[in-house]
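*Asks:* Before we start, here is the structure in question, set down as structure tokens.
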Amino acid sequence: MSKVLVLIQGREVAASRYRILQYIPYLEEHGLECEVMDFPDSFGQYMFLARILPSFDCVFVQRKRFHFPFLRLFRQRARKVVYDLDDAVMFKNTLADSPHSKTRQRRFANMVRLCDRVIAGNSFLKEKASAYNPCVEVIPSSIPSEKYRLRDYSGNSDMVTIGWIGDHGSIHYLLRIKGVLESIGRKYRGRVKLRIICDTFFDLEHLPVEKLQWSEAGEVSDLQGIDIGVMPLTDDPWSWGKCGLKILQYFGVGVPAVCTPVGVNRDVVTQGVTGYWAMTEQEWVDKLSLLIEDAGSRKAMGLNGRQVLDEGYTREVNAPRILDIIRCKSVSRTGERLEWQG
């Protein structure tokens, strides 16, 4: 039985849960023995990791990158390394003054260059990784289809709920359309509310805000209570690396999405079929209004979204691909591994 060490950011981190943890039962059913560890954050933890690496046939690293001195030791002691990324880690995030960082780019290049296989969450990330490693495959973020059940469409409530799910690190995107939400609140006074599923919240003057503390156990039922899902982004390199998990979660419960057409959002959301694109404030108001005023369209687009999900973005579809990559033999790339950019 092959032994796999899985290094993650944390068990409650969405990327860790959806990019690898959800696949572990499937991997173990197919002959792999998986051990999960948090990415080291102290000298002692790094040394412990270095000591145990040779006992594993493969190390799966989700998103995080090692610093140069340890990376060399890591590569020498690890038999095979699979690196998974679902964010544009080679850039600074949207809140930075500039997205460019020589340090981030160097750490990304070093990490990718020395891996045997790389899994990218979208084509933009694949393009960036392929500059340093030819063995890159796109596997989109996916959700478990059996966990996500369609919402109940039979209710006749006059209240329409706009929903957003995420963590405190991305709620700034929702804040960017605060003016849109206030306009919607004024336009549909008493008929629309906003549901935020997060651990951080804000208030609006003209739109009621329902604040639900995120929990893994409750996230699906909380999503089943919304009518429209939103995923605003900015048009910058960090956002180009986003893998559309929020939209997939909306589709999972049969809810249409209104999103910024950036990165994978353009691939997942089809205009007028599974939701709408919106860039300007007026476009956001207009597209949300179309869905607020037409329950039939909300249901039809939500069901279309669920079909898109089932065809390519579920755990059931992508688990065999993860298994194949982990089982794949390591690649001898000794020359490239010595091209350090420390």
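Every number in this text was worked out from the coordinates using simple rules, so none of it is lab data. None of the values given here were measured: they were computed from a predicted structure. Positions of Cβ are backbone-derived with ideal geometry, glycine not excepted, and every protein chain shown enters the neighbour counts.
*Asks:* If you plug each phi of the range 234-242 into the Karplus form 6.51 cos²θ - 1.76 cosθ + 1.60 with θ = phi - 60°, what whole-Hz ³J(HN,Hα) values come out, in order, with x for Gly and Pro?
*Replies:* 9, 8, 8, x, 4, 5, 4, x, 5
*Asks:* Moving on. Under a point-charge model restricted to the Cβ atoms of Lys and Arg (+1) and Asp and Glu (-1), what is the dipole moment magnitude of the chain relative to its Cα centre, in debye to the nearest 20?
*Replies:* 1200 debye
*Asks:* A follow-up question, please. How about the range 115-188: which GluC sites (Glu not before Pro) there are in a DSSP loop, with at most 15 other Cβ atoms within 10 Å of their Cβ?
*Replies:* Glu146
*Asks:* Please identify every one of the chymotrypsin sites (Phe, Trp or Tyr not before Pro) in the range 182-280 that sits in a loop by DSSP and has no more than 16 other beta carbons within 10 Å of its own beta carbon.
*Replies:* Filter output for the range 182-280: Phe201, Phe202.
*Asks:* Return a single number: how many Lys pairs in the range 169-313, at a sequence separation of 8 or more or on separate chains, have alpha-carbon atoms below 25 angstrom apart.
*Replies:* 21
*Asks:* Next question, about the same structure. Using a basic spin-label model with each label point 7 Å from the Cα along Cα→Cβ, how many nm lie between Arg186 and His168?
*Replies:* So the label points at Arg186 and His168 sit 3.2 nm apart.
*Asks:* Which loop-located trypsin sites (Lys or Arg not before Pro) does the range 8-99 contain, where loop means any DSSP state but H, G, I, E or B and the Cβ has at most 15 other Cβ atoms within 10 Å?
*Replies:* Answer by residue number: Arg11, Arg79.
*Asks:* For the range 160-313, calculate the relative contact order in percent as a whole number, restricting contacts to Cα pairs under 8 Å that are 6 or more residues apart.
*Replies:* Answer for the range 160-313 is 22 percent.
*Asks:* So, one more: Could you work out how much longer the chain between Thr103 and Tyr26 gets when fully extended? Use 0.36 nm per residue separation minus the Cα distance between them, nm to one decimal.
*Replies:* Length difference between fully extended and current span is 24.1 nm.
*Asks:* Next question, about the same structure. So how much slack lies between Arg176 and Leu290, counting 0.36 nm per residue of separation and subtracting their Cα-Cα distance, in nm?
*Replies:* The span from Arg176 to Leu290 would gain 39.0 nm if fully extended.
*Asks:* Starting from 0.36 nm per residue, how many nanometres of slack lie between Arg79 and Glu12 once their C-alpha separation is accounted for?
*Replies:* 21.3 nm
*Asks:* Still on this structure, please answer the following. About the Cα centre, and with charges only on the beta carbon of Lys, Arg (+1) and Asp, Glu (-1), how big is the dipole of the range 156-246? Nearest 20 debye, please.
*Replies:* Charge dipole of the range 156-246: 380 debye, to the nearest 20.
*Asks:* I'd like the projected area of the range 160-313, averaged over all directions, using the convex hull of its alpha carbons. Report it in nm² with one decimal.
*Replies:* Over all viewing directions, the range 160-313 projects a mean Cα-hull area of 8.0 nm².
*Asks:* Where the only charges are on Cβ atoms (+1 Lys, Arg; -1 Asp, Glu), what is the dipole of the range 160-313 about its Cα centre, to the nearest 20 debye?
*Replies:* My answer is approximately 360 debye.
*Asks:* Quick one: if the Förster radius is 56 Å, what FRET efficiency do Glu281 and Phe68 give, using the C-beta to C-beta distance and rounding to 0.05?
*Replies:* 0.80
*Asks:* Take every Cα pair under 8 Å in the chain that's 6+ residues apart, average their separations, divide by the length, and report that relative contact order as a whole percent.
*Replies:* 16 percent
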